[in-house]
Amino acid sequence: MNQQMNSPEHIEYVTRIGDNALILGQRMSEWCGHAPVLEEDMALANMSLDLIGQARMLLAHAGKLEGKGRDEDQLAFLRTELNYRNLTLCELPNQDFARTMVRNFLFASFQVLLWERLLTSSDSELAAIAAKSLKEARYHAQHAGDWVIRLGDGTVESHARAQAALDYLWPYTAEFFVTTPADDAVAAAAIGPAWSELEAAWEALVLPVLVEATLTVPARTPFKSFGKFGRHSEHLGHLLSEMQYLQRTYPGAQW
Amino acid sequence: MNQQMNSPEHIEYVTRIGDNALILGQRMSEWCGHAPVLEEDMALANMSLDLIGQARMLLAHAGKLEGKGRDEDQLAFLRTELNYRNLTLCELPNQDFARTMVRNFLFASFQVLLWERLLTSSDSELAAIAAKSLKEARYHAQHAGDWVIRLGDGTVESHARAQAALDYLWPYTAEFFVTTPADDAVAAAAIGPAWSELEAAWEALVLPVLVEATLTVPARTPFKSFGKFGRHSEHLGHLLSEMQYLQRTYPGAQW
Amino acid sequence: PAYQAEFDAKVDAGGYIEAKDWMPESYRKTLIRQISQHAHSEIVGMLPEGNWITRAPTLKRKAILIAKVQDEGGHGLYLYAAAETLGVSRDELIEALHSGKAKYSSIFNYPTLTWADIGVIGWLVDGAAIMNQIPLCKCSYGPYARAMVRVCKEESFHQRQGYDLLLTMMKGTQEQRDMVQDAVNRWWWPSIMMFGPHDKDSVHSTQSARWGIKRISNDDLRQKFVDATVEQAKVLGVTMPDPELKWNAERGHHDFGAIDWDEFWNVVNGHGQGNVDRLAARVKAWEDGAWVRAAALEYARKQAAREHQAA
Amino acid sequence: PAYQAEFDAKVDAGGYIEAKDWMPESYRKTLIRQISQHAHSEIVGMLPEGNWITRAPTLKRKAILIAKVQDEGGHGLYLYAAAETLGVSRDELIEALHSGKAKYSSIFNYPTLTWADIGVIGWLVDGAAIMNQIPLCKCSYGPYARAMVRVCKEESFHQRQGYDLLLTMMKGTQEQRDMVQDAVNRWWWPSIMMFGPHDKDSVHSTQSARWGIKRISNDDLRQKFVDATVEQAKVLGVTMPDPELKWNAERGHHDFGAIDWDEFWNVVNGHGQGNVDRLAARVKAWEDGAWVRAAALEYARKQAAREHQAA
């Protein structure tokens, strides 16, 4: 691994992908035991497991790149809120099953495209993680997409809930594609794509499903969220106070 | 203050009263900005303030009795769940306004009786705290009692909610009066009453209001909760992860 | 007519119009809009700070914060009461807030991300609010003016508490100081924008000035705020996120950079999820509480009937 | 009749009864009761452990815990499926759970208070469950026996993971060791009670033994569990909260203290708020999900109609 591979931008890029998986995995896990049918308890747990597995690989890798001896758990549990780099979308509360599934669909579709591009990353470790994770993301997008269609084209109530979920979440997807200095550096080093490059492909993946679901795609507004820059919503802090509790309460303990 | 005054039982007794105020005060504060009418936002904030004020005096006093240099904040924020001594009733989630008001009524009525007895405590500091707190508890019991009557004797829905709240909470009130070794020692030293002594007076305060509210008082079951012995419900841990977050995350910092 | 002349004379002389006095319809409407917007701001403003009540770091800070948020509820109460003297009910006003018809100060759409935000809101947001509100203590409508006297007194207290919180954090660890600086970076420009558009772009100002509802212009108030705050920032040891901010000896004031009005209008016009979340929280509280309000009414009705029967 | 003789012969020979085979009505009923109770226990059992998923201390432990709770959901699924072979639907069974008509293992009414509870549940509760369940892998009803083979394999894995979690904590700080001991103190007696009443007080056992549904008695299984667990406790370095627990060389078994059956029956009979909370959580999930299930049905109906139209 050459010197350029350990740039702060490279570390930030890997951390960002890891934090997405971590925070959304945490949200998914909240469903465990509370889903509408047992099969969905299983499916949501499964997706949570996939995401947490991805987070472990990515944060461990980020820690190695950083070279300060921080392992996956120190990165997952011992940062303060402004140092998480996940997309704001990932930290929003689950609310109902519609919002959960629409979010999973919007995010997993993005992940599919990202992992596809990362298969050929100049960071061979990241490429290996992508190879493992791409299958998972495809399954998540398929599973959530099926539900988006079922809910959107189901009953009057489920349609209304799916539409409300899409209306609520859509503005947060703008953040996926906001350009960042880190992205430019990373793209230049062939580590991974600038996320802004993925926008057209993402819309091509997402829009047909939303149309089949008979949902109306909201217009873009000027609203931008900034989670990937470390400026989050009010929701992340509450998630972290719960997630970090044991590590914070018993510093240095082994579990 | 003589040697006997610093017995572990004395410390535990004061801590228990302080933890009741702390934990219920925390629960009350969750309502802030979310109450059914603005006047109740104010009233609930007010009760929360009273309770947190009581907790500050009591925990500061407990820390002094203990003599290990722990102040009110170290006691409030840096214990682990099994070391909190509050009644389980105080840590239960607020749920709806009915459960909140029925709880406040059941608990504040108990507090009124306790403070009355503590006015003559051989622990002069505790007696002083009682003198200040009794007025507050009387107001809380009055306020919540008025609501219990209004809800119980209001609409069909409010009656059903008030009854459900009473059915849910009533079993937890048995814990108020469970005898404890600490109580016996404390009563012997004239520091305060064994709480079991307060049961008849509490029923005499509480039952007429429940009757006026047209509510059915549930029969006693064998169920006992054990919060005041340090064995809590699953709810306390979640409350603490939130409440302790900053103190745990920035150990030793001044705020 | 004679009424109008009497009204004008009283306003020009700096006297107070009372609820029972005749007033022009547009004066009444303007006041209702302004007072209710102010009341809504107090109520919605409970949410961002309320977000940290359960996580306050010490019991003393928790008590201070609860008391502060409670005061905001109180301000809401007497401002709604002042608006009610103009012939509109609190329920109507709340309905207008929930439907999005009425506005509230867009500053409360920003999220509170760390504990330092609580201090910075007290210092900068309440500070800006006070600058805006002090002239209103002498505004021409009596009930509003009297409400504002009380509001201003409490707000000054809140501002000092916020500043004190920040002073304590700045004396703490490097992490705490970074947290304060980060909060200042996020809240500085939104605070500056609280004074509204530049005077040349302000719609309501002229008529409001004539009525003594708006006695000092947006830009003058903003300048006053900047000048006062820069000094306090020095004592605190934080830097405002504005490289163009500097003393201009000639003007006797601080110059500062250009305001990003796009951002301002986006937030004001509700193009923000902060707006969506805040309104959703208010509407949820209101809807969840519907059965409680209904029960109180029904109980009162029953009681009245029982008393009637007993009489 | 001939059917009964054939059934008896097959059961006596240790063979398997299959769904399509004739069986006595009371056999069918007993199985439905037992299998569904077991399925409900798996589903309700997701809740106490699920309570710690969001707070698991490391990502590895979080993943292990999620996978475990997921496995329990899986066990629920194939047990419901086994019950369905007996002519009852999953919805009927769930309705019986929610109405309180059907029971589940009362062990899951106890709260999980610290992270150590997660390990102790794996070690003791799953350990006791395995003891109870291994004989069922050879029970006379084929679908149930096959489901149990899979369940037992996964449970053993969970038990080892729970024990491993505790070993790690016991190698840690004094606070962690105290946490483990406290959890053992709380879970030991409830685990012992999982084997049910003493043989002399057990209602169902005789007939069930005859049917090969219950091959080993409650007391024998309990003894086996105690003997196995005491050794594991020594390795771990924890003490069981039973002063009368000691090796009896004469019996070749451990003696242990008297069980508090009042407590057992109180918990079994739902005289506990744990029961209220667990059922409330299940009912809430079910009711909150009603619109989702309705949407899936309606979409399937529409799809079928569209395909029909296209054909």
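Readers should treat all values here as calculations from the given coordinates under stated rules, not as data from a laboratory. Keep in mind the model is a prediction, meaning the values are calculated, not measured. No Cβ is skipped: glycine too gets one built from the backbone with ideal geometry, and neighbour counts run over all protein chains shown.
A few points about this structure:
- Fewest neighbouring Cβ atoms within 10 Å first, the residues B:99, B:248 line up as B:99, B:248.
- Shielding by other protein chains, C:70-76, mean Cβ within 10 Å: 5
- Percent RCO, i.e. relative contact order, over segment B:123-237, from Cα pairs under 8 Å lying at least 6 residues apart: 30 percent
- Note on residue C:28 and residue D:265: the model spin-label points, each 7 Å out from Cα along the C-beta direction, lie 7.5 nm apart.
- Anisotropy class of the protein assembly as shown from Cα gyration tensor, a/c 1.5 cut: prolate
- Of the GluC sites (Glu not before Pro) found in segment D:241-288, the ones in coil according to DSSP and having at most 12 other Cβ atoms within 10 Å of their Cβ are D:244, D:250.
- Taking a ≥ b ≥ c as the square roots of the eigenvalues of the alpha carbon gyration tensor, segment A:70-175 is oblate, as a/c is not under 1.5 and a/b does not beat b/c.
- Cβ-based net charge around residue D:104, under 11 Å, with every Lys or Arg adding one and every Asp or Glu removing one: +2
- Inter-label distance for residue D:306 and residue A:7, nm, one decimal - labels placed 7 Å from Cα along Cα-to-Cβ: 4.7 nm
- Electrostatic bookkeeping for residue B:221 treats Lys and Arg as +1 and Asp and Glu as -1; over the other residues with beta carbon under 14 Å from its beta carbon, the sum is -2.
- Loop-located trypsin sites (Lys or Arg not before Pro) in segment C:1-84 whose Cβ has at most 10 other Cβ within 10 Å (DSSP): C:20
- Taking segment B:13-164 and dividing mean pair separation by its residue count, relative contact order in percent (alpha carbons under 8 Å, at least six apart): 23 percent
- Chain C: most fluctuating residue of C:56, C:285, C:249 per GNM, C-alpha cutoff 10 Å: C:249
- When chain C is treated as a Gaussian network with alpha carbon springs shorter than 10 Å, the biggest mean-square fluctuation among C:193, C:23, C:131 belongs to C:23.
- One Cα centroid belongs to segment B:47-112, the other to segment D:255-311; the line between them spans 35 Å.
- When you filter the trypsin sites (Lys or Arg not before Pro) in segment C:101-159 for DSSP loop state and at most 10 other Cβ atoms inside 10 Å of their Cβ, you are left with C:101.
- Rounded if a/c under 1.5, otherwise prolate or oblate - segment C:135-210, Cα gyration tensor axes: oblate
- From the alpha carbon centroid of segment D:99-164 to that of segment A:163-212 is 44 Å.
- Span from the segment C:1-78 Cα centroid across to the segment D:1-40 one, whole angstrom: 76 Å
- Counted charge near residue A:200, where neighbours are those whose Cβ lies closer than 15 Å (Asp, Glu -1; Lys, Arg +1): -2
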